[in-house]
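Chemist: One structure, pasted below without further comment.
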Amino acid sequence: MKVERITTYERFVDTKKDWNTLLFCSGQNSPFLTHQWFDAWWKCFGQDGELEILFFWDDSGSLVGIAPLMVSDAALRFMASHEVTDYCDFISCVDYRNEFYDNLLDYFQTNISKYSHVEFINIPESSPTLLSLRGLAARHEWEYEAHESEIVPILILPGSYDEFMQNLGRKNRHELRRKIRKLESLGQIHIERITESEKLSSAIKKFVSLHKASSPAKQEFWQKQEMTEFFYEMIHLFASGNWAELHMLHIEDKSIAALLSFPYEDTLYFYNVAYDREYSAYSPGFFLFDHAIKQAIAKGIKVADFLRGREKYKYFFGAKESKIYSLRLIQREKKR
């Protein structure tokens, strides 16, 4: 297996077609592993790192594995940050998976002098990375350390909205209907679903404004100029693949809440919700989530992923916990 080391942004840009072709047929497919996501992330947050992307090619010249990596603070890491990236992983062809991980560890061992350590964040519990690297680490003279880092509530969607409501249980079903009626009592309300690139770019400004005003913690989230730039860049790139949608909740001409989601394959990823605190007593977020779930079920989407965090509203809708892990590899000689 041939390893290609990519260290320039120009070469990374050229890999878009090969990258996504492999991702779409891998078992690790998610919007956070698309070429578009990494492109937006690197443009906005990559200034303190060095690209160390690895492409693995088989003997016939087919791409069979990708390690989306960078060197930062002398450590080898994913091209990602906790603030914006919910899932991270390697990308591998199912038929070459064992060989890919074996060659990956060979590469780490050969080049370990370049790094202080190797660490990876936000790996889903279902990822083959955890089992594969645990099984191979000892053979390659590595210590394997993995720990649960966060929880991801995930909702398996039924075949109909009526069934979804039944699954909520009597108490939550009654509470949701009460919240909907209370919001509707405010007057003329409507939800605008925005998916076109130009409209999204314009609407995201309002989303950012609402999100900043939602809480002091969220206002702090936007302190870095790169954060706003990332959202604009990511939304622009995702819109071209029909992977982004923004639901804006309006009372007459006033926007009071917004839900940013990624419809991707058979899953709807709820990325961020924002609302005007003046209307917090009316639960506009619940109204938007209910609307988005109803639409997703009608489209045949199978999963609603609420992404990281144990916020109570996620469990209200019936989501069940899934885990994500952080992984650290330390060469035994270095550990001694």
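We did not get these values from a lab; they are worked out from the coordinates using the rules stated. Note that the structure is predicted; figures quoted are calculated from it, not measured. Every residue, glycine as well, gets a Cβ built from its backbone with ideal geometry; the counts of neighbours run over all protein chains shown.
Chemist: Charges on Cβ only, +1 for Lys and Arg, -1 for Asp and Glu, centred on the Cα centroid of the stretch 158-301; of 172, 158, 187, which one is farthest towards the dipole's positive end?
Modeler: Working it through, the farthest residue towards the positive pole turns out to be 172.
Chemist: Now, a different point. Around residue 247, with a cut-off of 9 angstrom between Cβ atoms, what is the net charge of the other residues, counting Lys and Arg +1 and Asp and Glu -1?
Modeler: Neighbourhood net charge equals -1.
Chemist: I would also like to ask the following. Amide H neighbours of residue 150 under 5 Å, counting only residues 5+ apart in sequence or on other chains, H built in-plane at 1.01 Å?
Modeler: Amide H neighbours of residue 150: 324.
Chemist: Please sort 76-82, 25-31 by packing, taking for each peptide the average over its residues of neighbouring beta carbons within 10 angstrom, highest first.
Modeler: Sorting 76-82, 25-31 by mean packing, highest first, produces 76-82, 25-31.
Chemist: Report relative contact order for the stretch 158-301 in percent, whole number only (criteria: Cα-Cα under 8 Å, sequence separation at least 6).
Modeler: Relative CO of the stretch 158-301 lands at 28 percent.
Chemist: Once the other residues with Cβ under 14 Å from the Cβ of residue 181 are scored (Lys, Arg +1; Asp, Glu -1), what is the net sum?
Modeler: Here the count lands on +2.
Chemist: Before rounding to the nearest 500, sum -39500 (n - 2.57) across all DSSP H runs of length at least 4 in the chain and divide by the residue total; then give [θ] at 222 nm in deg cm²/dmol.
Modeler: Rounded to the nearest 500, the figure is -12000 deg cm²/dmol.
Chemist: For every other residue with a beta carbon closer than 12 angstrom to the beta carbon of residue 91, add +1 if it is Lys or Arg and -1 if Asp or Glu, then tell me the sum.
Modeler: -1
Chemist: Same structure, new question: Note down the relative contact order for the chain as a percent, whole number, built from C-alpha pairs under 8 angstrom at least six residues apart.
Modeler: 22 percent
Chemist: Quickly rank 132-141, 299-308 as a protection proxy: mean count of other C-beta atoms within 10 Å, highest first.
Modeler: Order by mean packing, descending: 299-308, 132-141.
Chemist: I would also like to ask the following. Treating only the Cβ of Lys, Arg, Asp and Glu as charged (+1, +1, -1, -1), what charge dipole size does the stretch 70-156 show about its Cα centre? Round to the nearest 20 debye.
Modeler: In total the dipole reaches around 200 debye.
Chemist: For P(r) over Cα pairs in 20 Å bins from 0, in percent, one of (1) 27, 49, 23, 1; (2) 24, 35, 22, 12, 5, 2, 0; (3) 29, 54, 17, 0 was computed from the structure I shared and the rest are decoys. Which label?
Modeler: Correct label, based on the coordinates given: (3).
Chemist: Applying the Karplus parametrisation 6.51 cos²θ - 1.76 cosθ + 1.60 with θ = phi - 60° to the phi angles of the stretch 286-299, what ³J(HN,Hα) value in whole Hz is obtained for each residue in order, glycine and proline being reported as x?
Modeler: Running phi through 6.51 cos²θ - 1.76 cosθ + 1.60 with θ = phi - 60° gives 4, 4, 5, 4, 4, 4, 5, 5, 4, 5, 4, 4, 4, 8 Hz.
Chemist: A further question on this structure: Set the Förster radius R0 to 35 Å, insert the Cβ-Cβ distance between residue 177 and residue 134 as r into 1/(1 + (r/R0)^6), and round the FRET efficiency to 0.05.
Modeler: Calculated transfer efficiency: 0.15.
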